[in-house]
Structures are given as structure tokens and as C-alpha cells.
Ligand code: ADP
């Protein structure tokens, strides 16, 4: 057992790792280190020595300074006011930190994660006499314009309500009392390293619609699923994560900026609060929590930021919401593990990463899932982690470890980026292990033939890749006509379908029914062309079809459906004309 409040002293300081004697903590107890009371966490106990990773800069801290063990693990404050907040890695609101000390974050400043003075109107839904237990919903507050924040009984607490009252309260006031003596407030603390309890995980059979064609159609992620976006510098990881934050049909977004350069995070911090939620017109921040832990902040706090983020996501999941958590980038977290591990003089694994790299990553991704909760609600946390391998080399340990864990892999490709093909998702290396479990949803909600069309389109793209070598040797003109059609159809799929401009007002989001219609139209061109070839129409003529080129612009049209119909009608007309011009034997076939 740890002895709460016991004071020891610093024995040794090695960067973010501090060795302490004179305390008897438990693993992962929070301790305050040195005169300045820097926050840290116990990560190893060796006999009378405790090893602490410190979440703040340790320079100038000396042996002999005092250390206090709080006896408590690192927790997050969970209650109304999380949404719209911007936190550092240990849930300190950046705004409050800035007010307290200007632009340079001083050390040892302890501020609560939630505003304890703000007044919320509590609307009770439970009554005196109701039996409640872990996560039971007892009422709600309107947290932002479109989001109700359900107030839940903290996990582990149960009893019969003896008193409950509605009205205006701050989060420290008691809103309900149980016969067990427990007094409930609108918030509670939860240890961030522990997953919140659930009844069971549900099958991943509902997609998280992203509105990004290459993702939804070819490599879909399920609600509650896990995905990784690996890519070298500048391949579009951040743009993709922003697109998901803006457009995915999650109720809320938790964005963990973990160890990215300060200026990149500054872009997010500046851009996000200005963005509008396309679904409601309200500010996007109304349904967003940002956790900003930049590369100039101490590395140990990266780990805390990841756990804090996922704990908040699980909390809203327990209310029955669908959450998308983006972590940008998990490589920076892995680098922090490497640094701490080397300070601990542990036996290094591949490329200096600790042997437990993989198990830590998988414990994190395992907290994703669509679940049935203790209060009967269903909710989900989908986790999308960016991975930044040096030089875009996917064989490095973090990418490889991630690849073994996640079910969706959106591989960003430097060559595609050089060709300005965006999103630079390589359709040959990427995969989704959810495709099959999501097929019934797409068949029911988009098109009964969805999966066969997707297979057809992917088949064309794969054949194109196989033909590339021959084309480079002898040129496309030397190929048989049907293969030339295939190459043209593949080009159309790449340019008209796969490429999607995140910065274009219309193209930035494409709903699944439009994705399907676009594929249909490209497939129609393919089928018509094969048909025309079979009746003797020369390939050169087929390639000059106007409707084919008009199709290029449809994705940018606000009146997408009407424009697509026009192109389809035009294509039908052009085909009929070409058939008519073809030799008489073929005319017979047309009239059949
Ligand atoms: P990373 O985070 O991988 O370093 P970014 O996300 O910052 O890369 O992307 C680099 C650049 O690539 C962007 O500034 C933008 O010009 C371009 N880009 C990436 N994805 C898209 C997209 N879907 N549409 C248009 N441009 C894109």
C-alpha cells in the first residue's frame, strides 16, 4: 500500500526520469517532485527506490529536494465543460494556463481540468427511490447547442436515490444523494490508465462514414474500429485527420496532438476553433476536445495525453455517443517510450524501442470499440492514429507494430503525393479488415450490389498496376483494345473517383450514395465501351466520347446528382449514335 502524503527526496535526476527514495508508492501513483512540485507518475519500483517519469521540464531540479506521493493514480476530471476545451497532456486547460502565466508555461502549476465555478442547468431524469449503479443516467445538462451531456453515476457507486434536485449548479454542488451515503456531483474522476467498464463489445458492422471516397468505398472503418494512417512527411496525415474530424459522422471528436511540432499544433489550435460543423452549422469546437502536447513539451507527457484523450472519449461513449479519436502522431509517443526506456537502462528492442512498444500500443488501440454500456446505451470510440515513419519507410518498428494491431491501414504514399494525387492513399497497400462485416450495411443502405461494384473497381485498379510494366516497355497503343479500355477506366477511377480535394467546397465531402453513383457511371462507360468494341466501333472513337470527359467535373458540382444524370444521359446518346454508325451487322445486334 502506498502511504499517502508521505514525503521522500530526490536521489537522482536523468532528464524526465527521476529516482526517489523515502516514499512507498504504488505503481502509477502521481507524485509531486521537487520544490516546484512538478507532476510525475511512478513507473518503476526497485526496492526502496521509486522511479518517476515527470510530466514537466526537470532542468534545475536537484537531488535532496522533496517529493510527495499523492497515493492516487493519474486521473481525468470528467463532467460538463470538456467539449470545446483545449488541454495540455495532463488535462490542464491551455487557456487557464495562459491566463496564469502568459505564453511560457511555468512549472508546477496545478489547475483543474474543468471549470468548477461555471453554472450548468441540471435536468434530472431519475427520481427519488430509483435504484442506480455504475453509469446510470440520472439527468442531463445542455453542454453545447446540440449536445446533451448526460450525468452518470460514477462507476463503482450504487444505491437508491434518496434526494435529487434540478436547477442551476456548479460541478462541486451535490445534485443527488444515495442511501449508501454517496453524494453525487456533476463530475467524477477516473484513472486514465484504466479502461472504463462496459458490458460487452459489439460487432463492428456500422461504418464510420467519412465522406472521403477512397476510405468509405475501398477501405472503410467501422464505428468503434481502429485505423492507422502511416505516411512520410507531407503525405497528408494531418489533412486526412482534419477531414475525419470535420466530416466523419461521429458525434464528437477528441484530437490528441501528440509530440507534433509546435507550429503544426498551432495551426490546429487556430484552425479548429474557426471551423464550422458542416452537419449543424455550429462551431466545430462545440463537439471537439483538443489535447495539445507539442514536441517542445516534456516527452513523458505524451503518454499522459494519449491516455487522457481516450478516457474522455470513453466517458462520452458511455453516454451513448459515437466518438472519433485522432492521435497525431503515435510515432512521437513511441519515441517518448524509447527515451524513457533508455533512461531506465532497459534492454532495448528493435531500433532502440522498448520490447513493450507493441503491448503498449495494442493496449491503447484495444480501448476502441462499439460497446453496450452498463446503463444500456450503445456507443463507440473509433481510434485513428497517424504514424510518421522516417522517410516513409513502413518497415520501421512503430509502423510494423501498429500494422499488427489495427484493422484498417490507410497507407499514404510519397510517390502519389509527388504526382499531386490526393488523398495519397495507396490503393494497392492499404486494407480494411472491416469490409466484410460492413457489407450488409452498405447493401442495405446504399446499394444491394455495393460489394461487387467495389470488387470490380479494385480489380480494374489492380490489373492496371499489373499492366504498367508492359505499358512502360511497349507503350499503351500496343495493347489489345480491351486492355486499353481497362487502362482508361483505371485512369477515370483514379482521377475522377480516388482523387478528392480536401480544400474544394463541394469535393471535400462525398456521401456514400454519390460515391456509388460515380462508380456506376464509370462502370457504365466500361460496359458500354466493351459493348461498342464488340460491334466494331474503333477504340479511337470510343476514347473521344465527350461524356467521358464531362464526368471529370461532376465531383465539383454543387448539383452533383443532376449533373451526373446529364452525363449518364449524354453517354447513352453517344453510345447509341456510335452503334448506329457501326457496320450493318452490328446494327442488327442493337435492334435486338
Ligand atoms: P503530413 O501531416 O503528412 O506531414 P499534411 O497533412 O500537412 O502532411 O499534407 C501536406 C500537404 O498535402 C497539404 O498542405 C496539402 O497541400 C496536400 N494535401 C494532402 N491531402 C490533401 C487532400 N485530400 N486534398 C488536397 N490537398 C491535400
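The angle between the Cα long axis of helix 237-247 and the longest principal axis of the Cα atoms of the chain comes to about 90 degrees, rounded to the nearest 10.
Here 343, 317, 213 are placed in order of increasing Cβ neighbour count within 10 Å, fewest first, which gives 343, 213, 317.
A helix-only calculation puts the chain at -10500 deg cm²/dmol for mean residue ellipticity at 222 nm, using -39500 (n - 2.57) for each DSSP H run of at least four residues, averaged over all residues. Counting only DSSP beta bridges with both residues in the range 178-317, the antiparallel share comes to about 25 percent. Length gained on full extension, residue 130 to residue 199: 22.7 nm, using 0.36 nm per residue less the C-alpha separation.
Gain on full extension, evaluated as 0.36 nm per residue between residue 45 and residue 491 minus their Cα-Cα distance, stands at 154.6 nm.
A protection proxy built from the mean count of other Cβ atoms within 10 Å ranks the segments 378-391, 118-131, 299-312, 539-552, most packed first, as 299-312, 378-391, 539-552, 118-131. Residues of the range 122-143 falling in the label zone of residue 180, defined by backbone nitrogen less than 18 Å from a point 7 Å along Cα to beta-carbon, are 126-139. Shape analysis of the range 7-72 places it in the rounded category; the axes a ≥ b ≥ c from the Cα gyration tensor give an a/c below 1.5.
Anisotropy class assigned to the chain is prolate, per the alpha carbon gyration tensor with a/c at or over the 1.5 cut-off and a/b larger than b/c.
Rounded to the nearest 0.05, the FRET efficiency derived from the C-beta distance between residue 530 and residue 403 at R0 = 41 Å is 0.60. The range 133-167 and the range 297-342 have Cα centres separated by 26 Å. Estimated from the Cβ-Cβ distance and a Förster radius of 41 angstrom, the FRET efficiency linking residue 165 and residue 449 is about 0.15. Averaged over residues, the count of other Cβ atoms within 10 Å places the peptides 464-477, 565-578, 46-59 in the sequence 46-59, 565-578, 464-477, highest first.
Placing pseudo-labels 7 Å out from each Cα toward the beta carbon at residue 513 and residue 466 gives an inter-label distance of 3.6 nm. Take the Cα of residue 456, step 7 Å toward its Cβ, do the same at residue 121, and the gap between the two points is 5.5 nm. The angle between the Cα long axis of helix 512-534 and the longest principal axis of the Cα atoms of the chain comes to about 30 degrees, rounded to the nearest 10. Assuming R0 = 35 Å, can you tell me the calculated FRET efficiency for the pair residue 503 and residue 541, based on Cβ-Cβ distance, to the nearest 0.05? My answer for the efficiency is 0.45. Shape of the range 450-591 from the C-alpha gyration tensor: oblate (a/c of 1.5 or more and a/b not above b/c, with a ≥ b ≥ c the square roots of its eigenvalues). You can think of it this way: the chain between residue 562 and residue 21 has 187.4 nm of extra reach, that is 0.36 nm per residue less the Cα-Cα gap.
Per residue, the average separation of C-alpha pairs within less than 8 Å and at least 6 apart gives the range 450-591 a relative contact order of 24 percent.
What angle, in degrees between 0 and 90 and rounded to the nearest 10, separates the Cα long axis of helix 262-271 from the longest principal axis of the Cα atoms of the chain? Once rounded, one gets 70 degrees. When DSSP beta bridges are limited to those with both residues in the chain, what percentage is antiparallel, rounded to the nearest 5? Of the beta bridges lying entirely in the chain, close to 70 percent run antiparallel.
Every number in this text was worked out from the coordinates using simple rules, so none of it is lab data. On a predicted model such as this, the values are computed, not experimentally measured, just so you know. Every residue, glycine among them, receives a Cβ derived from its backbone with ideal geometry; neighbour counts consider all protein chains shown.
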